[in-house]
Amino acid sequence: MTKLLTIADLAGGALAEVLELAERADLGAPLAGKGAALVFQKPSARTRNSTEMAVVQLGGHPVYIQKDEVGIDTRETAEDVARTLACYHSVIAARVMDHDHLVRMSNAVSIPVLNLLSDKEHPLQALADLLTIKQLVGRLEGVRIAFVGDADNNVARSLAHACGEIGAELTLAGPEAYRLKDAPDFVRQVVDPLEGVKGADIVYTDVWVSMGQDAETAERMAAFAPYQVDAAMMAATNDAWFLHCLPARRGEEVTHEVIESPKSAVWRQAENRMHTARAALAWLLGVR
Ligand code: CP
Ligand code: NVA
């Protein structure tokens, strides 16, 4: 069954198709009279709201489900949760602690399963990132993107694989201990943040402590301290746009000055979460 758990599920031109759908004004109502189960094991502002509204725009009815209501592998198995939700819904979307839960849920049902963020990937975020970059720069191929900070997290991993699909140039700048472990060959990884952003068209960062990593806060804050995106770093770029998946911790990975600057496109990026969620859902449901 069609699924979107990682960017690899959009190989072979599908990623470009989804981006094209995101810019199409009318995708019809492939969810008319149908439900979409949205399961969240972690908090969310953008992903929950953008996905709920995307379901509504496609004619469907979203049902928001908190983690204790279904209890993946606690109240019942991931497979039984998915089979149950598939009795009522035409798509299951989930934000999970453990990526393997998504894989197991997807393998248990014949309806599409969509990753709303896992410890491994955040594919809907990468789709919104690319749409935003395309709108800002006018193209994706050859655009120079620098991701600064925690290069081994879910957002960076999905962005890296997405850049590979559409031919953008990606540099990851971060501490040696937090390099992206399974990085595609084309990705450049550097330790020096200024070397990383030099000549970049886009500077992107994310929090230093992701959801579920609270126990590592002290060591992460120390390791990432040299990687704060500030005005001096932005001055080393090709007049770059600043992007952040949000939520941001101002004064940690980015200064207030940079995120509020005219070159910050974080709110357009947040809005694009809805347009790309709508496109991804439509694509999963067979719209081309
Ligand atoms: N960027 C993003 O996924 O935000 P939320 O955690 O608020 O959904
Ligand atoms: N890397 C962050 C992204 C939040 C949208 C996290 O997983 O917490």
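Every number here is computed from the coordinates shown, using simple stated rules; none is lab data. Source: prediction; values computed, not measured. So basically every Cβ, Gly included, is an ideal-geometry build from the backbone, and we count neighbours across all protein chains shown.
Of note:
- Virtual spin-label span in nm between ASN107 and ARG249, 7 Å along Cα→Cβ: 3.5 nm
- Mean separation of Cα contacts under 8 Å (6+ apart) over length of the chain, as relative contact order %: 21 percent
- Of interest is the spacing of the C-alpha centroids, which for region 52-87 and region 195-233 amounts to 33 Å.
- Under 26 Å of direct C-alpha separation, and excluding same-chain neighbours fewer than eight residues apart, LYS67 reaches these lysines: LYS3, LYS34, LYS42, LYS120.
- Label separation (ASP98 vs LEU194): 4.5 nm, computed from points 7 Å beyond Cα along the C-beta direction.
- Helices assigned as whole DSSP H runs in the chain whose Cα atoms extend at least 24 Å along their own long axis and whose mean Kyte-Doolittle hydropathy is -0.5 or higher are found at 266-284.
- For GLU253, distant residues with modelled amide H under 5 Å away: TRP208
- Interchain or long-range residues, amide H under 5 Å from LYS34's placed H: HIS61
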